Structures are given as C-alpha cells and as structure tokens.
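Worksheet: one structure, shown below.
The values are calculated or read from the model by the stated rules, or taken from the named source; none is laboratory data. Not measured: the values here are computed from a predicted model. For neighbour counting, all protein chains shown are included, and Cβ atoms are generated from backbone atoms with ideal geometry for every residue, glycine included. Side chains included, ligands, DNA and RNA excluded: accessible areas come from the protein's heavy atoms. Shrake-Rupley method; radii C 1.70, N 1.55, O 1.52, S 1.80 Å.
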Amino acid sequence: LDMSAPAMRFDGGKCIRCLRCIEVCRQVQGVSALCLTGTGTKAEIGFTGAVNWGSSDRCIECGQCSLVCPTGAISVRDQGCDVFDLLDDDSITTVFQFAPALRVALSEEFGLPSGMDVQGKIVSALKRMGADYVMDTNWSADVTIMEEGTEMLANFERAKKAGTLHSKPFTYFTSCCPGWVNYVEKIAPDMIPHVSSTRSPQAIFGALAKTWLVEHAGIEKRDMRVISIMPCTAKKGEANRDTLKRADGSCDVDVVLTIREFARLIKRSGLNLADLPDMPFDSPMMSLSSGAGQLFGSTGGVMEAALRTAAETITGKSLDAVDYKAVRGMQGIKEAEYDLNGLKVKVAVASGLTNAKALCEKIRKGECDYTFVEVMCCPGGCINGGGQPIQSAYTRRTVDIKGKRAKALYDEDKKSDIRKSHENPAVNSLYKEFFGAPGSHKAHEILHTKYVNR
C-alpha cells in the first residue's frame with residue numbers, strides 16, 4: 001500500500017495490471033509518471049524514475065488514473081474523517097467553499113441526471129452536517145480575474161512600450177489549475193516566467209477567509225478551518241504548498257475533499273441529496289458571484305471570463321455581447337483573435353496536458369504569437385477532473401458527460417444578473433475596503449504566489 005503521494009493512494013493488492021492507468025498517463029496526459037516494472041508474474045505498476053508515488057518527479061496529481069482504474073487500486077486519499085472531526089468540534093468554526101464543477105456533477109452520485117445544478121442542495125447537506133459557513137468559490141474566481149486581468153493588461157503595456165506587442169508578444173499563462181502548475185514546476189520549468197503569479201480561486205478564498213473574513217465576522221483565526229470541495233485531486237497538494245503557507249507555517253485551506261469523498265460524506269451522514277430542499281449561501285460578501293466565475297469549471301471558461309473584463313477595460317465601453325464562443329467546446333486546442341479597440345489579442349486554450357505540451361513547444365521555438373493562454377490539465381477542464389464521479393467505460397463512450405456538465409455551467413451563466421467579474425459589487429467592495437485596487441501591494445501579498453523549479 002503506497003500512501004506517500006499528497007493526494008493519491010495505490011493498493012497493489014487490488015491491481016489487475018490492466019494498464020489503463022499507464023495509458024491515460026502516457027497517451028492522454030503525456031506525462032508517463034506510471035510505468036510497468038518487472039516481467040511475467042513479477043510485473044507490476046511502478047513510478048517512472050521513483051521508488052514510490054510521493055518521490056515521483058513526473059506525477060502532477062491530476063487523478064485521471066483514478067477515473068479509469070476498474071478495481072480501486074488507484075484512489076484518492078480520503079479525508080472524510082478529518083472533516084467529521086472538525087464538524088464535531090464545537091471550538092472550531094468551519095468555513096466550506098465549493099467549486100463550480102461540483103454543483104453540476106454531484107447529482108450523478110445520487111441517481112439524478114448529469115448536469116443537474118444541485119447548488120442549493122449542497123448547501124443544505126453541509127448545513128445539516130453542522131457547517132458553520134457555506135460559501136462560493138465562484139466569488140473568489142471573480143477576484144482571480146481581477147488580479148490576473150491586471151497582470152495581463154500590465155503585460156500588454158510593457159509589450160507596447162517595447163514595441164513587441166504584435167511582432168513577438170510575451171505569452172502569458174493562467175494559473176488556476178494546480179495540475180498545470182505542477183507540470184510547469186516538474187516538467188517544463190522554463191515556462192515558470194510565463195505563468196501568472198495570481199493564486200487559484202481555492203487558494204484566494206482560503207487567504208481571504210483567514211484575513212478579510214476573520215475581521216468582518218469576528219472569528220478567531222486560530223479557531224477557523226477552511227474546507228474545500230473540489231472536482232480536482234491536485235487541489236489537495238496545492239493546499240499544502242510551501243509557497244502558499246503563511247509566515248507561521250499555517251495553511252489557508254486546511255482540508256480538501258473531492259466530489260467522490262463529499263458524496264460518501266453525505267451518505268455516511270444518512271442524507272439523500274435528492275430529498276434535500278434548496279438553501280442559499282451564507283454571506284453574500286463571499287458568495288455573490290458573476291456568471292463569469294461559474295465558467296471556471298469548463299475548459300475555456302477562465303479565458304472567457306478574462307476576456308469579458310479585459311475587453312471592457314481596454315475599450316472603455318460596456319459590452320452587451322459577452323459570449324466568446326470561439327474559446328468554448330471540448331477541442332484539445334482552441335485559438336481565437338480579438339480586436340479590442342485596435343489592440344489585437346491572440347489567445348489559446350489548451351485542455352489536457354498533451355495539448356499544453358504542444359503549445360509549450362511552439363512557444364519555445366518562437367512559432368506562435370499568443371498573448372494569453374489558458375491551460376487546464378484535465379481534458380474538458382474541471383468538469384472532468386480526477387475527483388469527479390467515476391462512470392463506467394460504457395457510459396463514458398455513449399453519454400456526453402462532459403458536454404452535459406459544461407452546458408449546465410453555461411446555462412447558469414446566461415441566467416446570471418451579473419456576467420462580468422469586474423461588475424460584481426461584493427468584489428468591488430472588497431477592493432475598496434481592503435485592497436485599495438487590483439494589483440496593489442497588499443493584494444500581491446495576500447493573493448499572489450511564486451513557483452519553484454522542482
């Protein structure tokens with residue numbers, strides 16, 4: 001039993017050597033962290049160039065191997081008991097956040113249709129389990145856009161002054177996906193200067209919960225625990241990154257559950273999601289979000305959210321048409337070019353690391369002139385993350401699960417009263433009262449990070 005990795009566990013006693021995990025790691029993700037060692041009856045799953053999973057310098061913790069393992073030999077390290085302990089401790093104030101992809105996928109674990117939005121039922125389940133606060137990661141996704149957008153626009157200005165904006169622009173990558181960040185640090189460290197220093201929405205939420213929220217809600221920081229529910233296995237490792245820890249060594253996010261872990265938690269609590277009424281989030285200040293924040297769950301969503309804000313900032317006009325459909329869809333690589341008041345912005349979206357690898361190679365060779373690139377390491381984005389509900393091979397072949405989940409996110413965006421991150425009044429209040437402005441010194445101190453060549 002190998003439990004040395006931050007997010008994953010491998011039980012060799014359950015392995016039937018079907019090699020599905022090796023193939024998805026090699027063919028779909030282009031990482032080849034898993035390999036077959038030995039021969040004949042001695043053959044077994046191993047870790048390329050490493051004695052165990054935790055020492056692998058190639059695994060990016062995407063969890064795609066766990067989605068295809070038919071026996072459970074590869075699974076996620078379950079932290080459900082840790083959450084029960086926190087909920088049972090009256091001295092602890094629990095603050096839950098959950099990602100956009102959760103609300104359109106959890107339904108599958110309870111016999112409900114794929115793509116059904118069960119946001120209100122999730123809040124209800126958490127409240128019945130004893131959660132003190134339930135809030136929305138979509139809110140911090142809007143904050144992410146404010147910070148990444150400011151970085152991107154500063155990059156444009158530098159390129160304009162240098163006269164390289166159109167001839168050879170500096171390619172700028174999003175930083176929301178921890179699997180992608182792991183890939184850059186472990187496999188493509190020459191790309192580190194190209195990656196936004198803005199933290200992911202999960203990390204931004206945790207940072208603001210333990211700075212801004214403790215001030216406003218009168219909670220003692222030492223008594224607060226932030227628990228995330230994510231579609232992603234790499235988020236578990238992200239929560240414990242040294243570069244995200246505070247000076248005292250504390251983490252902003254204390255526990256991360258995948259969707260599968262959360263579904264088990266609900267069932268162990270004796271609840272049936274389908275029977276629960278809808279309940280609203282707690283504080284509007286950390287829950288009011290735009291439709292743009294909702295899109296972070298699907299490939300192309302971060303790019304579209306960023307373009308909505310960048311377009312209005314650059315043109316100085318309020319745009320009615322905010323659907324950037326060229327960056328939507330499940331293609332591995334999507335490209336588009338937009339004219340923003342005479343400024344031509346060429347963007348790309350990569351879904352799945354084999355496609356990200358191809359884009360990195362083009363950038364190294366100087367063969368592309370992208371100004372902004374979104375990468376999500378899982379094919380389709382978070383809606384197909386390693387912590388999502390496991391479906392049979394037959395279902396994955398015959399049902400467009402990713403399409404159903406993505407459509408639900410776009411439908412919610414279309415119904416939103418606020419569809420642009422910079423128009424979110426809760427986010428604007430945060431900057432006015434706490435940071436002063438996007439990209440300020442205080443914002444950099446709390447909302448940004450750095451990357452390390454590993």
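For region 41-139, the helices (runs of 4 or more DSSP H) that sit wholly inside it and include 2 or more residues that are open to solvent by 50 Å² or more (accessible area, probe 1.4 Å) are 80-88, 119-129. For the residues Ala217, Ala207, the requirement of being buried (at least 17 other Cβ atoms within 10 Å of the Cβ), small (Gly, Ala, Ser) and modelled with pLDDT under 95 singles out Ala217.
Of the candidates Phe96, Phe84, the single residue that is of a type in the set (A, V, I, L, M, F, W, C) and out of contact with any helix residue (DSSP H, G or I) (no Cβ under 6 Å at 6 or more places or on another chain) is Phe84. So which residues in region 1-40 are open to solvent by 40 Å² or more (accessible area, probe 1.4 Å), closer than 15 Å to Ser75 by Cβ and among the aliphatic types (A, V, I, L, M), if there are any at all? Leu1, Met3, Ile16 - these are the residues of region 1-40 that are open to solvent by 40 Å² or more (accessible area, probe 1.4 Å), closer than 15 Å to Ser75 by Cβ and among the aliphatic types (A, V, I, L, M).
Taking region 172-188 as the search range and keeping residues that are part of a loop (DSSP other than H, G, I, E, B) and in contact with a strand residue (DSSP E or B) (Cβ under 6 Å, 6 or more places away or on another chain), which one is surrounded by the most Cβ atoms within 10 Å (Cβ to Cβ)? Once the filter is applied, the top-ranked residue is Cys177.
Would it be correct to say that Ser283 is of a type in the set (Ser, Thr, Tyr), at pLDDT below 95 and more than 16 Å from the chain's Cα centre (by Cα)?
yes
Against the numbered list (1) farther than 26 Å from Asp142 by Cβ; (2) without any contact (Cβ under 8 Å) to a residue 24 or more places away in the chain, Lys245 comes up short only at (1).
Quick check: is even one residue across region 296-305 in a loop (DSSP other than H, G, I, E, B) and open to solvent by 60 Å² or more (accessible area, probe 1.4 Å)?
no
The criterion of at least 1 residues that are without any contact (Cβ under 8 Å) to a residue 40 or more places away in the chain and within 21 Å of Gln27 (Cβ to Cβ) is met, among helices (runs of 4 or more DSSP H) falling completely within region 348-454, by 353-364, 393-398.
Taking residues in region 307-328 that are open to solvent by 60 Å² or more (accessible area, probe 1.4 Å), and partners anywhere that are modelled with pLDDT under 90 and in a loop (DSSP other than H, G, I, E, B), the pairs with Cβ atoms closer than 8 Å and at least 6 places apart or on different chains are Gly316/Asn341. Scanning region 31-45 for residues that are modelled with pLDDT of 95 or more and among the small types (Gly, Ala, Ser) gives Ser32, Ala33.
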